[in-house]
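J.: The structure follows.
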Amino acid sequence: MSQSFDEITTQLKRRHRKSARLKWLSMASLGVALLFLIVFFADMLNKGLPAFQQAMVQVEVNYNEDAETMGRAALEPDIAPLVSRSFERLIPGMIRDNPDLLGTTETRWVLTNSDVDQYLKGHRNELSEDERAAIDERVENEQVEMKFNTTFFTHGDSKMAERAGIMAAAVGTIMTMLVTLAVAFPIGVMTAIYLEEFAPDNRFTQAIEININNLAAIPSILFGLLGLAVFINFFGVPRSSPMVGGLTLALMTLPVIIISTRAALRSVPDSIRQGAFAVGCSRWQVVRDHVLPLALPGIMTGSIIGLAQAMGETAPLIIVGMVAFIPDVSASFTQAATVLPAQVFTWAGEPERAFVEKTAGGILVLLAVLIFMNATAVLLRKKFERRW
Amino acid sequence: MNSQVAEREMTPMTSQRAGQPVTRNEQVNHDLSVRVRDLNLWYGENQALHDVNIDVFQKTVTALIGPSGCGKSTFLRCLNRMNDLIRDVRIDGLVEMDGRDVNEPKMDEVALRRRVGMVFQKPNPFPKSIFENVAYAPRMHDLVSRRADQDELVERSLRDAGLWEEVKDKLHQPGTSLSGGQQQRLCIARAIAVQPDVILMDEPTSALDPISTATIEDLMDKLKQQFTIVTVTHNMQQAARVADYTAFFHLGELIEYNDTKTMFSNPYTKKAEDYITGRYG
Amino acid sequence: MQTNQIFLLFCGILLLLGLVAFFLGRAKAARVRGAGISMYAQPDQYAWFTVLATAGPALVVSGVGAFLMLLLGAQIPTTYLLVGSLAIAAGGLAIGVLQIRPDFHARQAIERVIRLLLAGAALISIFTTFGILFSIIFEAIRFFQKESLWEFITGTTWSPGASFLEAAGRAEEGGSGGQFGSIPLFAGTLMITCIAMLVAIPIGLMSSIYMSEFAPHSVRNIAKPMLEILAGIPTVVYGFFAAITVAPVIVDVAGMLGLDAAYNNAVAPGIVMGIMIIPFISSLSDDVINSVPDSMRQGALALGMTNGETIKYVVLPAALPGIISASLLAVSRALGETMIVVMAAGMRPNLTANPLEDMTTVTVSIVAALTGDQEFESSATLSAFALGLALFVVTLTLNIVSVVMIRRFREKYRINDL
């Protein structure tokens, strides 16, 4: 009556081939996605790692009288065009601060300008043949060297690529994130507690829930418009300040924190609540003493992830003016500041080749911080994960 | 193993050959459908089946009974290699059908499942129309080519499953719109539409109400004229009502395999007797 | 400076009063209890109640006062406000202490306040949505008072630049002001979104199929977090990658094929945006595919279907509503994506079907309008809000449709779950 195994197996050949094709195709898709990731990181490392190195040159600084007004006069004429102008500008001030220097000569390592730096890294530059020869000669005499680029980590933005660093942006990021955390964390956790533990199941509660989900999917740039119209134009928060940036990002992070906190609260089994109610705790006592401590790791994880998201956000900050040129570290929540991704954006717009490297370097720092935060969140979750 | 257990527990020992039921009902035909020899199965480190020997006969209903976790469902799933879907499963021993070991590397499990259908504990119709639920697999298998053939096959399968009268006016409604008992009969119709030799039923009535259960029991009785049926059941009355042969499993061992009447009236082993009389399980 | 000092003074005195309230309240409750009278609540709860009675009304009054002054321009001398609210605090303290009686339910009173606070926090998310909506709508209305709505919807020329003359009060000299036909912007947005979806949906969906249906656990455990990394990369970084790395490659490839591509073509941001969205699609689809009950797969396999057939004819159709809803969410995200297009797409409104040309998008125009040196009142600046409104409406609609679809999907399987 029915076919034998061999007959069926023969018929199946074509169908198995089709099935295998789907498998390979789907595997290839995953492969392509991961390949993108690898190419991306390779590209960023390739472009960004050189930013952590900076060419330095050993020069004779001759603190003569001319140098009191024009720093360049302190340097030998053949090397002067290759030294960063930022150093030349410092010389008159040094002499003013310390008049004893006048008339002395000192040998020290100073920054070269970005063209020399790019030349030594093998990139496009605008050095003349003679200048290149001068550099080559000094490299052989070990008077020009690539050194670790401390400037990059200790200075703010600068129009001179060799002098530009991420310090101001890093401080700005920290301050902005402090504002974000201070606003979004309490409000988010309180909202989640209300919705999960207190709210009656009525239309109002449902409206809040739908609203939170929508908020999570609204394009970030619209939060920028909100920040501009409400915080800056209406409440008069200073433009470009960590305050306005932090508030804007806080509203954006709010849904992330609410959603993850609710998930964490929900994962605490009802038996714990019932047990606590049974010994006469009020609802708030149950939440405070029994549910919250158990949900805390989940809440922390969600908040870290939300914060990492906010830290990488740029679009709303552009709208509220946080892409300013900030050469100095600001220490106030109401003064103009910039953040790391905005700094990356600013540098990406600079035409000089040396800034490409700075941009990628800034990106590497940003990515390192984000990966560190996300890894912390994952570890936290792993460590405290509990199966009920 | 089986016989050794019997030897320990019962005297005098009758000459029971491995895999054969202790007593045979001589009225039913005895052509072999599936032959299982020394079947062992491990989930990781845990051995779930120990040296199972059993002969399943064509066009009979064989019921597998035993307490929860005794390995009866696991055993059932060895017959169409559904255990392949679970990780870390190791199988050793012979499951022979149509002269072929179903576990041999050359055996295509898809071809095997084509000949060994299965009905699950919970009805699981596809999220498609009633018609598509039944017609879909035969079309895949090239059993029907013309549209008319397809209509005819669907009608025949639904009739055989006793569902035709109830659904003939709403063939294009989703299968999930039916009641639980109807859904289960739809799943049976779906299984018989591909014309298998063996139908495995894994507690097919445990999620159903008593009336649907009775309908499906009647159906099994009818279907055994065309198919070999192996069913797992928790319900001993059900086994007594529908099965020709009954196998009693305990802790992964086949304790007793017997003609159903004998099993429930005069079981051969002490353990089976204790279980049937309700002393444990 | 003046305001700062007053603020500090207020905080300091309030803190002090709070402390006093706490200890007075506790001492009184302890005394009553010490006298052997049983009380409804613990001494600490009475103490906290007193603190609330002290600080709560004072904070409310000063908050309302500050609000009136700041926003409505009411002329209330700050010293009056300071003294007034502190007096209220002192009054609250007295009332709070008086309230401490054995039959007073201090705990319930505290919990009512806590509950109100929590509900108030929950309201903030609603305020945010309405804040976005109204702030955009109000400014958009001002825009449409100056420019024609019809032209905005149907016009094919977007050149806000000319309107600066108008803002400078020289509208007559410059002839017509700027032109605000948004079609080229939406066309550009749509083009880049389409390219992104062409990359993201097939790759994301297929990856999720591989991970949930074929891949061994070890592969899945590694691949899933790796894909999530793609989602965690900031968009500004993607923008840089698109502009510096991908765009030149596209130009080279197009050159090899004999085509002429602009450096800020639509393909580079499209592809990179697609890459960014892959993990979004794959993780949502993965969830949906995993929530298709296993009994479906087993049912199909038990009928003698191959793995591929089971996926294609049973799993995917069952998961389809969820996959579509994931794709809609992805589209809404691509429409609103800003940094990638700001950095890698063009600035020139360009109505063309050729993705190798430069074109601009809605979000780029919003950024351009708000980062220029224009007067805030000018049409050029306000146009950002009109575009924002359009973006808001479109993304909100997509989100709602997607939420409804995913809810239907979930309900379907709950019913089936007998």
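The values are calculated or read from the model by the stated rules, or taken from the named source; none is laboratory data. For clarity, every value in this text was computed on a predicted model and none was experimentally measured. Note: ideal-geometry Cβ built from the backbone for every residue, glycine included; neighbour counts use all protein chains shown. Calculation scope for accessible area: heavy atoms of the full protein, side chains included, ligands and nucleic acids excluded. Shrake-Rupley method; radii C 1.70, N 1.55, O 1.52, S 1.80 Å.
J.: Of all helices (runs of 4 or more DSSP H) completely enclosed by segment B:179-281, which ones contain at least 2 residues that are of a type in the set (Asp, Glu)?
T.: Of the helices (runs of 4 or more DSSP H) lying wholly inside segment B:179-281, those with at least 2 residues that are of a type in the set (Asp, Glu) span B:210-223, B:270-276.
J.: Then there's this: Looking at (1) assigned to a loop (DSSP other than H, G, I, E, B); (2) farther than 29 Å from A:ALA55 by Cα, which is the one condition that is false for A:THR338?
T.: A:THR338 satisfies every listed condition except (2).
J.: Suppose the filter is more than 14 Å from chain C (Cβ to nearest Cβ) and part of a helix (DSSP H, G or I); does A:ALA229 pass it?
T.: Values: more than 14 Å from chain C (Cβ to nearest Cβ): no; part of a helix (DSSP H, G or I): yes.
When the stated conditions are applied, A:ALA229 does not pass them.
J.: Ok, one more. Taking into account only those residues within segment B:218-233 that are under 8 Å from the mean Cα position of the chain (by Cα) and aliphatic (A, V, I, L, M), which is nearest to B:VAL194 (Cα to Cα)?
T.: The residue in question is B:ILE229.
J.: Now, a different point. Only residues that are under 29 Å from A:ALA360 (Cα atoms) and more than 19 Å from the chain's Cα centre (by Cα): list them for segment A:1-52, please.
T.: The answer is A:SER29, A:LEU30, A:GLY31, A:VAL32, A:ALA33, A:LEU34, A:LEU35, A:PHE36, A:ILE38, A:VAL39.
J.: Would you tally the residues in segment C:116-141 being more than 7 Å from every other protein chain (Cβ to nearest Cβ), over 21 Å from A:ARG283 (Cα atoms) and aliphatic (A, V, I, L, M)?
T.: Residues in segment C:116-141 being more than 7 Å from every other protein chain (Cβ to nearest Cβ), over 21 Å from A:ARG283 (Cα atoms) and aliphatic (A, V, I, L, M): 4 in total.
J.: Follow-up. What helices (runs of 4 or more DSSP H), lying completely within segment A:66-176, carry at least 1 residues that are over 32 Å from the mean Cα position of the chain (by Cα) and basic (Lys, Arg)?
T.: Correct list: A:85-97, A:129-140.
J.: Sticking with this one: Considering each of B:ILE199, B:ILE229, B:ILE188 in turn, give the residue that is within 14 Å of chain C (Cβ to nearest Cβ), open to solvent by less than 10 Å² (accessible area, probe 1.4 Å) and closer than 27 Å to B:LEU49 by Cα.
T.: After applying the criteria, what remains is B:ILE199.
J.: If you don't mind, there's one more thing I want to ask. Which count do you get for residues in segment A:186-226 that are open to solvent by 10 Å² or more (accessible area, probe 1.4 Å), in contact (Cβ under 8 Å) with a residue 60 or more places away in the chain, more than 7 Å from chain C (Cβ to nearest Cβ) and of a type in the set (A, V, I, L, M)?
T.: 1
J.: All but one of (1) in contact with a helix residue (DSSP H, G or I) (Cβ under 6 Å, 6 or more places away or on another chain); (2) part of a loop (DSSP other than H, G, I, E, B); (3) of a type outside the set (Ser, Thr, Tyr) hold for C:VAL341, so report the exception by its number.
T.: (2)
J.: So which residues in segment A:276-291 are of a type outside the set (S, T, N, Q) and assigned to a helix (DSSP H, G or I), if there are any at all?
T.: A:ALA276, A:PHE277, A:ALA278, A:ARG283, A:TRP284, A:VAL286, A:VAL287, A:ARG288, A:ASP289, A:HIS290, A:VAL291
J.: Is one or more of the residues making up segment B:222-245 free of Cβ contacts under 8 Å to residues at least 40 places away in the same chain and of a type in the set (D, E, K, R)?
T.: Taking segment B:222-245 as the starting set, the residues that turn out to be free of Cβ contacts under 8 Å to residues at least 40 places away in the same chain are B:235, B:237, B:240-241.
Those left that are additionally of a type in the set (D, E, K, R): B:241.
Yes: one or more hits.
J.: Among C:ALA215, C:ALA223, which is at the interface with chain A (Cβ under 9 Å from one of its Cβ atoms), surrounded by fewer than 24 Cβ atoms within 10 Å (Cβ to Cβ) and farther than 17 Å from C:ILE275 by Cα? Walk me through it before giving the result.
T.: Working: C:ALA223 fails: farther than 17 Å from C:ILE275 by Cα.
Matching residue, one of C:ALA215, C:ALA223: C:ALA215.
J.: Among the residues that make up segment C:237-254, is at least one of them outside any helix (DSSP H, G or I) and at pLDDT 90 or above?
T.: no
J.: Hey, another quick one. Which count do you get for residues in segment B:140-156 that are facing chain C (nearest Cβ under 10 Å) and either of a type in the set (Lys, Arg) or in a loop (DSSP other than H, G, I, E, B) (or both)?
T.: Of the residues in that region, 1 qualify.
J.: Looking only at segment A:4-22, count every residue that is at the interface with another protein chain (Cβ under 8 Å from one of its Cβ atoms) and within 20 Å of B:GLN195 (Cβ to Cβ) and tell me the total.
T.: Of the residues in segment A:4-22, 7 are at the interface with another protein chain (Cβ under 8 Å from one of its Cβ atoms) and within 20 Å of B:GLN195 (Cβ to Cβ).
J.: Scan segment A:18-42 residue by residue and report those that are open to solvent by less than 20 Å² (accessible area, probe 1.4 Å) and closer than 15 Å to C:VAL246 by Cα.
T.: A:LEU37, A:PHE40
J.: Take segment A:48-65 and flag every residue that is within 14 Å of chain C (Cβ to nearest Cβ) and open to solvent by 50 Å² or more (accessible area, probe 1.4 Å).
T.: None - no residue of segment A:48-65 is within 14 Å of chain C (Cβ to nearest Cβ) and open to solvent by 50 Å² or more (accessible area, probe 1.4 Å), so the list stays empty.
J.: Sticking with this one: Within segment C:168-191, take every residue that is at pLDDT 90 or above and either in a loop (DSSP other than H, G, I, E, B) or within 14 Å of another protein chain (Cβ to nearest Cβ) (or both) and give me the one that is farthest from C:ALA345 (Cα to Cα).
T.: Among them, the one singled out is C:LEU185.
J.: Checking A:VAL171 against (1) open to solvent by 10 Å² or more (accessible area, probe 1.4 Å); (2) more than 23 Å from A:MET373 (Cβ to Cβ): exactly one of these is not met. Which one?
T.: Going through the list (1) open to solvent by 10 Å² or more (accessible area, probe 1.4 Å); (2) more than 23 Å from A:MET373 (Cβ to Cβ), A:VAL171 breaks only (2).
J.: Of the residues that sit in segment C:278-308 and are open to solvent by 20 Å² or more (accessible area, probe 1.4 Å) and among the acidic types (Asp, Glu), which one is farthest from B:GLY117 (Cα to Cα)?
T.: First, the residues of segment C:278-308 that are open to solvent by 20 Å² or more (accessible area, probe 1.4 Å): C:280, C:283-284, C:287, C:290-291, C:293-295, C:297-298, C:307.
Remaining after also requiring among the acidic types (Asp, Glu): C:287, C:294.
Numbers: C:ASP287: 30, C:ASP294: 17 Å.
Filtering segment C:278-308 for residues that are open to solvent by 20 Å² or more (accessible area, probe 1.4 Å) and among the acidic types (Asp, Glu), the one farthest from B:GLY117 (Cα to Cα) comes out as C:ASP287.
J.: Pick from segment A:353-388 the residues that are at pLDDT below 90 and closer than 19 Å to A:ASP43 by Cα: which of them is surrounded by the fewest Cβ atoms within 10 Å (Cβ to Cβ)?
T.: Among those residues, the one meeting the criterion is A:ARG353.
J.: Kindly evaluate C:GLY255 against the criterion of being more than 7 Å from chain A (Cβ to nearest Cβ) and more than 30 Å from C:ASP286 (Cα to Cα).
T.: Yes; evaluated as a whole, the condition is true for this residue.
J.: Look through segment C:85-115, keep the residues that are open to solvent by 70 Å² or more (accessible area, probe 1.4 Å) and within 14 Å of chain A (Cβ to nearest Cβ), and return whichever of them is modelled with the lowest pLDDT.
T.: Filtering segment C:85-115 for residues open to solvent by 70 Å² or more (accessible area, probe 1.4 Å) gives C:95, C:98, C:101, C:103, C:105, C:107-108, C:112, C:115.
Now narrow it down to the ones that are within 14 Å of chain A (Cβ to nearest Cβ): C:105, C:107-108, C:112, C:115.
Values: C:HIS105: 72, C:ARG107: 75, C:GLN108: 77, C:ARG112: 83, C:ARG115: 87.
Once the filter is applied, the top-ranked residue is C:HIS105.
J.: Any chance you could count how many residues in segment A:232-241 are touching a Leu at 6+ places or on another chain (Cβ under 8 Å) and either buried (at least 20 other Cβ atoms within 10 Å of the Cβ) or not in a helix (DSSP H, G or I) (or both)?
T.: 3
J.: Six or more apart or on different chains, Cβ atoms under 6 Å: show the pairs whose first residue is in segment C:210-234 and aliphatic (A, V, I, L, M) and whose second is open to solvent by 70 Å² or more (accessible area, probe 1.4 Å).
T.: Nothing qualifies.
J.: What do you reckon, is A:ARG72 within 14 Å of chain C (Cβ to nearest Cβ), surrounded by 14 or more Cβ atoms within 10 Å (Cβ to Cβ) and among the charged types (D, E, K, R)?
T.: no
J.: With surrounded by fewer than 21 Cβ atoms within 10 Å (Cβ to Cβ) and at pLDDT 90 or above as the only criterion, which of C:VAL331, C:VAL403, C:VAL341, C:VAL393 stands out?
T.: Exactly one of C:VAL331, C:VAL403, C:VAL341, C:VAL393 is surrounded by fewer than 21 Cβ atoms within 10 Å (Cβ to Cβ) and at pLDDT 90 or above, namely C:VAL393.
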